[in-house]
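Starting off with a structure, shown below.
The values are calculated or read from the model by the stated rules, or taken from the named source; none is laboratory data. Note that this is a predicted model, so its numbers are computed, not measured. Every residue, glycine as well, gets a Cβ built from its backbone with ideal geometry; the counts of neighbours run over all protein chains shown.
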């Protein structure tokens, strides 16, 4: 797509907690996260500090993720356990898209460790890492437009 748009795009596929900061510190114009990734990181403050460190001055962080309301109600039909909204529990669950596979394949998929956050934990981690939070928008659930399903946060370094 980049070639068709005559654009140059660099990206790195890696474990973000182990990214080479001597190479990628203050390197990117944009860091983009979507589709529910925050819950894979057990320390959101560490994660946001890394996102901040990757950006050039004036760079933009865009995070579109599952709304914390999904902690107490499965509004997106992700088949994940519900819990207290304020729980800090790390729990084991299926990989994100396991429910789309037939049972023989699904049963062989490895489990993941998850940590779900509250809205305040997310917003505060963005601010405390150094970002200037420009927008925080909530979006309806795919299954019930009366309930929150996702959010988008935009911060500037």
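Where in segment 87-157 are there strands (runs of 3 or more DSSP E), lying fully within it, with 3 or more residues that are within 16 Å of residue 70 (Cα to Cα) and in contact with a helix residue (DSSP H, G or I) (Cβ under 8 Å, 6 or more places away or on another chain)?
Of the strands (runs of 3 or more DSSP E) lying wholly inside segment 87-157, those with at least 3 residues that are within 16 Å of residue 70 (Cα to Cα) and in contact with a helix residue (DSSP H, G or I) (Cβ under 8 Å, 6 or more places away or on another chain) span 148-156.
Does segment 111-124 include one or more residues that are surrounded by 14 or more Cβ atoms within 10 Å (Cβ to Cβ), at pLDDT 95 or above and more than 17 Å from the chain's Cα centre (by Cα)?
no
Right, here's the next one. Just checking, how many residues over segment 1-60 are more than 30 Å from residue 71 (Cβ to Cβ), assigned to a loop (DSSP other than H, G, I, E, B) and in contact (Cβ under 8 Å) with a residue 24 or more places away in the chain?
Qualifying residue count, segment 1-60: 3.
Going by the conditions given, is residue 51 closer than 25 Å to residue 115 by Cβ and crowded, with 18+ Cβ neighbours inside 10 Å?
In short, yes.
Do we find a residue being touching a residue at least 12 places away in the same chain (Cβ under 8 Å) and exposed (fewer than 11 other Cβ atoms within 10 Å of the Cβ) anywhere in segment 95-106?
For segment 95-106, residues touching a residue at least 12 places away in the same chain (Cβ under 8 Å) and exposed (fewer than 11 other Cβ atoms within 10 Å of the Cβ): absent.
Answer yes or no: is there a residue in segment 28-48 that is more than 22 Å from residue 150 (Cβ to Cβ), touching a helix residue (DSSP H, G or I) at 6+ places or on another chain (Cβ under 7 Å) and either surrounded by fewer than 19 Cβ atoms within 10 Å (Cβ to Cβ) or at pLDDT below 95 (or both).
yes
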